[in-house]
Structure formats: C-alpha cells, structure tokens
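Accompanying notes for the structure given below.
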Amino acid sequence: LAALARLPEHFGKAIACDWMSVLSETIEKQKSLFILGRGPSAAMANEAALKFKETCGMHAEAYSAAEVMHGPLALVGPDFPVLALAARDASEPSIAEAADSLAAKGAPVFVTSALAQRAVRLPHVATGHPLTDPLTLIVSFYMFVEAFARHRGLDPDTPRNLRKVTETV
C-alpha cells in the first residue's frame, strides 16, 4: 500500500523525465521500431507500440525481451531503433541484457535500466515496487509520445482514421 500512496509523487517526477531530447533525433528518421518489455512491463510495451501507431503514424511492434532475440532479430540494425521498457523487477536484468545485445549489433537502443552498458539510458522513476514501476514508465512514455507526435506535425488528440468512441453491438 505504501507504493500506491506514493504514486502521485512518482507520477509528478515521471512527467518531468525528458525522453524527447534523447529519442527524437534518432527515431524521427525511421519508419519502424521495436518496443521491448517483459513481465509487468510487457503490457506497457504493447501500449507504447499502439500509441506510436495511433498518435505518430509510425509502425511499432512490442516484443518480450526474450522473444525479440529470435525471428524479429533479423530486422534489427543501424536503421531500426529499439525502446526497452525495464521496470525494477525480476525481468530487468534480461531486458538490459537484450538491450545491450541489440546495441552491440549496431541498433540504436534506448533503455530504462541502469544495468545496461551499451544501450542509451533513459531517465526513469523507480517507485520501489515492481508492480508500480511500469506505471511510471508509461507516464514518461506518454509525455514523450505526445511531444513526438506534435514534433511530427500531428495532433495526438485526433489520430487519423480513429474515433474516440467505439460502438459495441
């Protein structure tokens, strides 16, 4: 419960994390990217990939840090950026290892883990609990993706071809 009580404070810090100055120059030149997660951060990776598509008109695929090292690895190279969302939990070492491995293959890799040695580290807010860390990661991502969409001349509040309300029959 203590981790939940501190979330508003952590969200305030997560909003202030500047990913735009680190990511935009590399990502703006590309058409696709991978977003990695594992464990609880896998859901955040899926959400981030969806938001890239919706708000930035950019192809993004989410993968588990374990799965990306198989078939998807064939796409990775100097012109294929990777964003690795690592919470401080049991999966963090494997995400950092995957990020470093992809960076060693020449890919521009950005990671939210201090464990990574080769990948570019993004600022992130650790909450002290493995189940709330992914929440601050996605808040920092939301701030970035909104700014990045606007940088690309798009309005993230009115994605192309999408409606805010869906009808269920």
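None of the figures in this text is laboratory data; all of them are computed from the coordinates on show. If you're wondering where the values come from, they're calculated on a predicted model, not measured in any experiment. As a convention, Cβ positions derive from the backbone with ideal geometry for all residues, glycine included, and neighbour counts pool all protein chains shown.
As a proxy for reagent exposure, ranking Met44, Met20 by other Cβ atoms within 10 Å from fewest up yields Met20, Met44. For Lys31, neighbours were defined as the other residues whose beta-carbon sits under 13 Å from its Cβ, and their charges (Lys and Arg +1, Asp and Glu -1) total 0. For a straight C-alpha distance cut-off of 22 angstrom, the lysines reachable from Lys105 (same-chain residues fewer than eight places away being disregarded) are Lys29, Lys31. Under the classification rounded if a/c is under 1.5, otherwise prolate if a/b is larger than b/c and oblate if not, where does region 1-82 fall, given a ≥ b ≥ c as square roots of the Cα gyration tensor eigenvalues? Because a/c hits 1.5 or more and a/b fails to exceed b/c, region 1-82 counts as oblate.
Taking each DSSP H run with n ≥ 4 as -39500 (n - 2.57) and averaging over every residue of the chain yields -13000 deg cm²/dmol at 222 nm. A simple count of charges around Pro156, restricted to other residues whose Cβ falls under 9 Å of its Cβ and scoring Lys, Arg +1 and Asp, Glu -1, yields -2.
When the square roots of the Cα gyration tensor eigenvalues are ordered a ≥ b ≥ c, the ratio a/c for region 2-151 is 1.5 or more and a/b does not exceed b/c, which makes its shape oblate.
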